[in-house]
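Just below is one structure, and these are the notes that go with it.
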Amino acid sequence: MDWSTGCSGQKENRLRGLSPRLLAGRRSSGATALPLWGGASGTSAPCHGRIAQVHSWWGCPAITIHGMFKPLSGRRVPSGVLGLRALVVGSVLLALSSCTYVKLLTQQPEITYDARLGAYSFVGPINFGTAERLRKEVPDGSKLIFQSFGGRSEEAQQIARWMKSHRINLTIRGYCVSSCANYVAGVPGAQWGQPTILLFHGGEQSTYVAPCTGLPGCRSDAASDRAAFAQEFGLNPNFVVFSGRAVESVFAQRAATDGARRLPGLPLPYFWAPSREELKCFGVEAEVSSLADLPISDSARKWYFTTAELSPALQQEFGVMCAQFRSHVSQ
């Protein structure tokens with residue numbers, strides 16, 4: 001997977017941590033690369049307003065999340081427009097989503113070996129067959145530098161279990177998003193290269209599981225894949241649930257201003273970046289960078305948020321969730 005920017009398709013150096021253009025949203029040949037979500041795709045600003053030149057990380061035309069109709073027509077479509085034009089736009093949106101979904105199911109990461117470092121490198125999505133590839137290509141006890149924007153939860157769980165049981169010397173460096181943050185970051189003994197950032201945006205589970213007294217949507221039944229995985233790895237399953245609630249809240253507050261929209265089959269475009277101290281509530285001792293330490297431009301910064309930017313009610317909810325996890329662990 002090439003983390004490219006602009007219409008020229010220039011490649012980033014993928015072995016040096018975070019892609020500066022990914023986070024900074026800097027222009028290259030008239031385009032801006034921004035993450036759309038951790039598990040599937042990215043989006044680019046229009047190149048001169050023509051859809052033929054819109055760049056996508058998946059090889060499919062992508063719609064800018066802020067002003068989604070601009071790449072199609074060069075100007076924003078009024079919200080009240082109906083009829084044939086709206087039908088055409090809707091058909092294009094559906095086609096683009098389908099293209100992204102097909103690519104999501106087939107795109108594979110790059111797994112290479114660096115003799116100078118004596119380590120394997122993983123860069124790209126977590127997809128069907130990714131866990132099996134790692135088992136075949138990376139010997140037991142190897143050093144592995146891991147960088148991923150996420151993908152399939154089931155595969156990420158398999159990867160984490162393989163790393164744990166086969167003594168993989170894991171270093172997470174650069175971006176670790178979505179299922180990478182939810183599961184791979186929880187591997188015991190993981191080391192942290194710099195810069196590194198973990199980005200969460202929720203998951204398939206939307207309600208808290210016990211212990212969750214006093215939290216909204218609390219369920220005593222913890223029989224879920226995430227709860228089982230969390231128990232096995234000593235993680236807090238409610239941490240990811242909270243991240244989804246936080247993203248929904250930020251979307252409700254900022255969508256109108258940022259121009260964010262819900263696209264069919266895709267998560268919302270916001271990402272929560274918890275601090276080192278907050279990640280302890282997940283059960284992870286991670287040496288992560290803060291948003292303030294990363295080269296994020298003003299245009300890209302709006303897609304990321306910290307706990308301090310949440311409402312007082314959500315901050316209190318986070319505190320309750322953390323306290324219950326610490327109490328549970330100490331028992």
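The values are calculated or read from the model by the stated rules, or taken from the named source; none is laboratory data. What you see is a predicted model; the values in this text were computed from it and never measured. Positions of Cβ are backbone-derived with ideal geometry, glycine not excepted, and every protein chain shown enters the neighbour counts.
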Pairs, please: C-beta under 9 Å, at least 6 apart or cross-chain, first residue without any contact (Cβ under 8 Å) to a residue 12 or more places away in the chain and surrounded by 13 or more Cβ atoms within 10 Å (Cβ to Cβ) and in region 120-142, second part of a loop (DSSP other than H, G, I, E, B) and among the hydroxyl-bearing types (S, T, Y)?
none
Scanning region 152-178 for residues that are within 20 Å of the chain's Cα centre (by Cα) and among the hydrophobic types (A, V, I, L, M, F, W, C), the one farthest from P188 (Cα to Cα) turns out to be V177
Here the residues within region 111-131 that are under 16 Å from the mean Cα position of the chain (by Cα) and hydroxyl-bearing (S, T, Y) are none
Unique residue being among the hydroxyl-bearing types (S, T, Y) and surrounded by 14 or more Cβ atoms within 10 Å (Cβ to Cβ) when the list is S289, S330:
S289
Restricting attention to region 150-162, does a residue exist that is in contact with a helix residue (DSSP H, G or I) (Cβ under 7 Å, 6 or more places away or on another chain), part of a strand (DSSP E or B) and within 25 Å of S327 (Cβ to Cβ)?
no
Only one of these conditions is not met by L263: (1) touching a His at 6+ places or on another chain (Cβ under 9 Å); (2) within 18 Å of G202 (Cα to Cα); (3) not polar (S, T, N, Q). Which number is it?
(1)
Has region 195-215 got at least one residue that is modelled with pLDDT under 85 and either part of a strand (DSSP E or B) or of a type in the set (D, E, K, R) (or both)?
yes
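Go through region 163-194 and count every residue that is part of a loop (DSSP other than H, G, I, E, B), in contact with a Ser or Thr (Cβ under 9 Å, 6 or more places away or on another chain) and of a type outside the set (A, V, I, L, M, F, W, C).
Total satisfying the criteria: 4.
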Determine which member of the set V247, V284 is part of a helix (DSSP H, G or I), on the phi < 0 side of the Ramachandran plot and surrounded by 15 or more Cβ atoms within 10 Å (Cβ to Cβ).
V247
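Listed here are the residues, each with its yes/no results for (1) out of contact with any Phe, Trp or Tyr (no Cβ under 9 Å at 6 or more places or on another chain); (2) closer than 30 Å to Q324 by Cβ; (3) surrounded by fewer than 21 Cβ atoms within 10 Å (Cβ to Cβ); (4) in contact (Cβ under 8 Å) with a residue 60 or more places away in the chain.
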site: A256; (1), (2), (3), (4): yes, no, yes, no
site: F271; (1), (2), (3), (4): no, yes, no, yes
site: P274; (1), (2), (3), (4): no, yes, no, yes
site: P295; (1), (2), (3), (4): yes, no, yes, yes
site: D298; (1), (2), (3), (4): yes, no, yes, no
For region 287-311, enumerate the residues that are under 24 Å from G259 (Cβ atoms), of a type outside the set (S, T, Y) and part of a helix (DSSP H, G or I).
L291, D298, A300, R301, A308, E309
Kindly establish whether E277 is acidic (D, E) and either in a loop (DSSP other than H, G, I, E, B) or under 28 Å from P188 (Cβ atoms) (or both).
yes
